[in-house]
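The next block holds one structure in the form of structure tokens; read it before the comments.
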Amino acid sequence: MFLLYFKTWRIPVLKICCVHFGYCVFKCVYFSVRHDIACHVTVCSFKMAAEDLPSQFDVVILGTGLTESVIAAACSRVGQSVLHLDRRNYYAGNWASFTFNGLLSWIEEYKNQQKVQITESEQVWRSLIDEGEDVVPLSSVDSSISNLEVFCYASEEEEKEEETKAPLTSCQPVNAETVSEETTGDSTEAQDTVTGDDTTASDAKTQNEEHEVSEPEEEQHTSDISEPSQSQEEKDSQPISSPADPPVEVEKKITYQKLVKEGRRFNIDLVSKLMYSRGALVDLLIKSNVSRYAEFKNIGRILTCRNGKVEQVPCSRADVFASKQLTVVEKRMLMKFLTFCLDFEQHPEEYQDYTEKPFREFLKNKKLTENLQDFVLHSIAMVTQQTLTEEGLKATQHFLRCLGRYGNTPFLFPLNGLGEIPQCFCRMCAVFGGIYCLRHSVQCLVVDKASNKVKAVIDTRGQKISCSHFVVEDSYIRDEQRQSTAYRQISRAVLITDRSVLPSESDQQISLVTIPPLESSAPAVRMVELCSSSMTCMPGTYLVHLTCSSSGTAQEDLAPVVSELFHVSTIPGEEPSEGAEERSKPAVLWVMYFNMRDTSALDSSSYSLPSNVHVCTGPDGSLGSDCSIKLAESVFHHILPDEEFCPPAPNPEDIIYDGDGPQAEGPGFDESVNTEAEEEGAAHEKNPSTEPAEMDSVADTTPSSEE
Amino acid sequence: MHGRVKIKSTAQQEEEKRKEKEKKLKAFVSARDAVLKKRSAGEHDEEALQLTRQLLSSNPDFATLWNYRREVLLHLETLREKDEVQKLYESELHFIEACLKVNPKSYGCWHHRTWVNTRLPQPDWTRELGLCDRCLSLDERNFHCWDYRRVVVKASGVSVEQELQFTDRLIGSNFSNYSSWHYRSTLLPQLHPQPFHSHRVCEEQLLKEYELSHNAFFTDPNDQSAWFYYRWLLGRGVCVCVCLELLCICEDTSAHPMLCVCVCVYVCVCVCVCNLDDLHVCVCICGRSELSVEKSSVLQAELQSCNQLLELEPQNKWCLLTIILLMRALDPLGHEKETLAHFQTLKEVDPMRSTYYSDLCSKFLIENTILKMEYAEVRVFSLSNKNLTTLCHLDQLLFVTHINLSSNQLLRLPPHFAMLQCLEVLEADDNAIENLEGLYHLPKLEEVSLRNNQICKLSDLESLASCTKLTRLDLRGNPVHRTAHIESELSQLLPRVTALSL
């Protein structure tokens, strides 16, 4: 897919370098041990900063989460010069997706950060401040994650079978691998590496070829690593890469070593969200043509957990028809209610008396059975007991309007994880000239005292860069600049399990599971179970995300749900007992709990900052991303009130290239995507952008059919 | 500005598109002319295949080109070895597949594909089935593909069970699919053959099918496809059993041979014996076979579930109509009142078809009256005040001498009214009758009362002249009395009428 992009997206050569720079960095991060590449990134960004970084931009954006990335893309698209920075060595901030090993480094980083208190020196940039200028320092510590706990239940034993196969030099290929990637990443011909790396994601063969390029330069390698302790652990836990891995069998027990070795197959999201197929994000992806940078998979089914049993929620017409748990009368009642919700505004008489009352009561009044009330409240509207009727009706309507656009459920999931989406927007920004630097932050803002506006920023290298607008993610703001610190928390759990909570004919389905509160005081929990074909976990495993709004720590909130739905062995590594009852549940191999700060309720009045500083809140706790997209749009209109927000990218054929000769005619991008989809026979993996293209090609044939 | 992409203006784009179109058209026309020239010259070579291929891949609906291709292929077939022929036709199948992508509903393509498979030495039916499945997954209502699929299934001998599962799958993904339901109705009798009744389905399977259709129409009662299937299913249980045997002996058959034709209320056996010598008319309804106990209990249960649905959806016309039909099958007389009430609702919720419902209701009411005749006087037949809009089943009233049609909404006495050869007295007051063409050659008709109808012209009464025994005629309250000299004209037209009321 990415390979195709480079072939067909025709833009001036200079720009391609720029894209490759930005792009090569995040792609390498993807398919390698993350912190190794981080050094490479620093080197690059250092070079950029020292030699190339212009001293003036229209907009400087700090943080590469979804909102910031969309703003970056939107500004760059309409011709603004954009500098986009992130203090981390990876894209997307709290929206990021990690390989398993990448996640382990992220965890390590978190733990180190808890220990070390960074003292900030103000001396470096004092000299850059002129008279009549004021300084607003930014925070260098990200405190948005807390209460992180990790438990491993997979066996930590070495796999005996592989032990015997493995040669004595088991340690070397690991180093060779990382080094070889690092060196290729450094070389100027980055394009080959990118495409090569890209295919390795699903192609183990290429990976093995890379292992053979063994240039063990262990000393240099270790010196580059920022967290040596982590690397040690990884070296120990990443023992072998046998030349031909047998395909993973279901029967085979999955050990911790296996998880680490197959770590690249994981793309673990920090934020668990799905895309409503008529939500703001999907609309934006289509409108701006950014959808061409990503691929999507349908959520196959919506499940719920009632009385300890997982069952399917009938939400579409076909589901209701096929449902065996509903009586025919229930079927009628449910369909009738849902049809009403679809255009409830037309029948105000039906709900007028309930506008001040909870949705739940309205459902009761509609004579829905308890069964159906639960389905509607928790799984379709996905609201709480207290939600008012009108809001509940709106949520139901949104759900129903999204049904059937791309499949039998209202949701899409981006292949390779949610972290892809901010990167896609970053990429669009880069295509239109935006400049990217990771591991590069801003120390402070320079404010013009007279106008109380930011006129420049001073980056972590001490360079003063002037700008007319500054966009920043909330976690970079110091507490001194906050008017209110009343933010909420999201509780998250990430599980790797050995099978689905509800096995069915197809084991490659993404499921959304809504779990009503176990006790009335507890929050409702949302669970997303990802299969390996979503490119987020290794074959034979499922990646499970649990999310709820916090009432305590993530572990307190979510551990009861985990033990309700999964088999959690008491002793880590212990084999799950073969008892019939226990084995009916999937076993947890590995679990991580953490809390993430939810700042979505804050607005500009919550900060005391100059008027041309725009703060983007982090991810919110809801299932969709509408909140972030709406914020991005409103910030964009603040910055550029007269410009269109993310207008569609022009048709490649309509772009005029100055100074370039006629471009070689390659196959159009959309065509290639179509044929690719057909080859895979993947009817359910639709790329939203291909639809109009198909229409075009049909229209083209009309002159001949008129004959 | 730096970083801005320069885009061609719309005028530029349109100009380019226009040029492109022109170029394409030119190429197409010249290729077409070349092909037609080759065909008239009788050239059947590879080049012809190549040229038609180019044209068809941009426009697969060009039937002449497909014909030409067949000619060429038949010719090439004679020249080549068997292996090569196989290859030739296989590549043809590939080519058709590409054309189907351009237009999946092209008659020419599908027809050609069927033809190619008949010529293919070793057809690969599995592949063809796969193609159909893929096509139907993209558009489950593509009837071209359904047609083709039937051919493939027949040729490849796919088992009926598998096919039933196939319809299960399609109905599962979207049950608004007539093709699937219909296919099911052809498969089920094959799967559960019943001795003596080739179109019946065994009870166990029937119950399953009832459940399936319940699921469909409770989920979406406005979807017709499941209702139609359901009616078919109900028919499997009923129609053959309900049988009205009618024995009639008619008079004067030499003059009216049509009288020998008897049609029954339901699909049933009919016995008609004509006794030419006996002038006495008699009729006996020999007997009417009842529903078997099991059948009627099944239907009773179905009626209950439909009533349940009606409670939830009092406005649903499909439900109402099905209930009416069920009631008629079970006990037409006992449910008469309810049936009438349901017809009233139907007319209100579906005003577009109110006349249809009125006619249907009339039909049922006449049937009921005929049924009642089994127990009562058969010579006098009264259908007054029943809101009838149409007359039917007159064939069963051949023996009636006195008929009362007063206070209905009849517009005409249709030609088949002339079947009532024994009729002596006709009362049809208070209707809206404009047309009397059915009052024709009724040899025994003596008295006709048509008060308060819509007879406007003298010419409308002309057919009465053929009724030789007519002596009393009541035309009060008709617009015709306004005609000038009406009395003298009438006495001229109907000289035998002695008691005329105007």
I'd like the full set of residues that are surrounded by fewer than 18 Cβ atoms within 10 Å (Cβ to Cβ) and outside any loop (DSSP other than H, G, I, E, B), limited to the range B:380-393. B:Val380, B:Ser382
Every residue in the range A:67-108 that is in a loop (DSSP other than H, G, I, E, B) and not basic (Lys, Arg), please. A:Val78, A:Gly79, A:Gln80, A:Ser81, A:Asn89, A:Tyr90, A:Tyr91, A:Ala92, A:Ala96, A:Thr99
For B:Lys24, state whether it is surrounded by fewer than 18 Cβ atoms within 10 Å (Cβ to Cβ), in contact with a helix residue (DSSP H, G or I) (Cβ under 6 Å, 6 or more places away or on another chain), part of a helix (DSSP H, G or I) and within 12 Å of chain A (Cβ to nearest Cβ). yes
Residues that are within 14 Å of another protein chain (Cβ to nearest Cβ) and crowded, with 16+ Cβ neighbours inside 10 Å: does the range A:355-365 have at least one? no
Being acidic (Asp, Glu) and over 20 Å from B:Ser213 (Cβ atoms) is the filter; apply it to the range B:134-160 and report the residue that is nearest to the other protein chains (Cβ to nearest Cβ). B:Asp139
Within the bounds of the range A:306-320, is there any residue that is away from chain B (no Cβ under 14 Å), under 26 Å from the mean Cα position of the chain (by Cα), surrounded by fewer than 21 Cβ atoms within 10 Å (Cβ to Cβ) and in contact (Cβ under 8 Å) with a residue 12 or more places away in the chain? no
Qualifying residues in the range B:188-205 (those that are buried (at least 19 other Cβ atoms within 10 Å of the Cβ) and among the hydrophobic types (A, V, I, L, M, F, W, C)) - the one modelled with the lowest pLDDT: B:Val201
Here are some conditions: (1) buried (at least 20 other Cβ atoms within 10 Å of the Cβ); (2) in contact (Cβ under 8 Å) with a residue 24 or more places away in the chain; (3) in contact with a helix residue (DSSP H, G or I) (Cβ under 6 Å, 6 or more places away or on another chain); (4) over 28 Å from A:Phe636 (Cα atoms). A:Ala381 meets all but one. Which one does it not meet? (2)
Mind checking whether some residue in the range B:51-65 is part of a helix (DSSP H, G or I), away from chain A (no Cβ under 14 Å) and either within 20 Å of B:Cys145 (Cα to Cα) or in contact (Cβ under 8 Å) with a residue 24 or more places away in the chain (or both)? no
Yes/no for B:Ser176 being at pLDDT 85 or above, in a loop (DSSP other than H, G, I, E, B) and crowded, with 16+ Cβ neighbours inside 10 Å: yes
Selection status of B:Ser40, more than 30 Å from A:Pro647 (Cβ to Cβ), over 41 Å from the mean Cα position of the chain (by Cα), within 13 Å of another protein chain (Cβ to nearest Cβ) and loosely packed, with under 11 Cβ neighbours inside 10 Å: no
Condition broken by B:Val85, with the remaining ones in (1) within 12 Å of chain A (Cβ to nearest Cβ); (2) more than 34 Å from the chain's Cα centre (by Cα); (3) of a type in the set (A, V, I, L, M) satisfied: (1)
Say whether the condition of being surrounded by fewer than 19 Cβ atoms within 10 Å (Cβ to Cβ), part of a helix (DSSP H, G or I) and out of contact with any helix residue (DSSP H, G or I) (no Cβ under 6 Å at 6 or more places or on another chain) is met by at least one residue in the range A:485-504. no
Residues to consider are A:Ile496, A:Ile477, A:Ile458; find the one that is in contact (Cβ under 8 Å) with a residue 40 or more places away in the chain and farther than 17 Å from A:Val135 by Cβ. A:Ile496
Restricting attention to the range B:445-495, and to residues there that are in contact with a strand residue (DSSP E or B) (Cβ under 6 Å, 6 or more places away or on another chain) and acidic (Asp, Glu), which single residue is farthest from B:Met419 (Cα to Cα)? B:Asp474
Please state which one of A:Glu361, A:Glu391 is of a type in the set (Asp, Glu) and closer than 16 Å to A:Ser622 by Cβ. A:Glu391
Boolean, B:Asn117 is part of a helix (DSSP H, G or I) and either within 25 Å of B:Ser40 (Cα to Cα) or acidic (Asp, Glu) (or both): no
Flagged in the range A:327-354 as in a loop (DSSP other than H, G, I, E, B) and either facing chain B (nearest Cβ under 9 Å) or more than 36 Å from the chain's Cα centre (by Cα) (or both), in numbering order, are A:Thr327, A:His347
Of (1) touching a Leu at 6+ places or on another chain (Cβ under 8 Å); (2) not in a helix (DSSP H, G or I), A:Phe375 fails just (2)
So, in the range B:399-411, exactly how many residues are buried (at least 18 other Cβ atoms within 10 Å of the Cβ) and within 29 Å of the chain's Cα centre (by Cα)? 2
Okay, strands (runs of 3 or more DSSP E) sitting entirely in the range A:409-450 with 1 or more residues that are closer than 20 Å to A:His84 by Cβ and among the β-branched types (Val, Ile, Thr), I get A:435-438, A:442-448
Filter result for A:Arg439 (within 22 Å of the chain's Cα centre (by Cα), under 25 Å from A:Met382 (Cβ atoms) and at pLDDT 90 or above): no
Please go through (1) modelled with pLDDT under 90; (2) closer than 29 Å to B:Asp147 by Cα; (3) more than 14 Å from chain A (Cβ to nearest Cβ) for B:Glu46 and return the number of the only condition it doesn't satisfy. (2)
Within the range B:320-346, considering residues that are in a helix (DSSP H, G or I) and acidic (Asp, Glu), the one surrounded by the fewest Cβ atoms within 10 Å (Cβ to Cβ): B:Glu338
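The values are calculated or read from the model by the stated rules, or taken from the named source; none is laboratory data. Everything quoted here is computed from the prediction, not taken from an experiment. Reconstructed Cβ throughout: ideal geometry from the backbone, glycine too, with neighbour counts over all protein chains shown.
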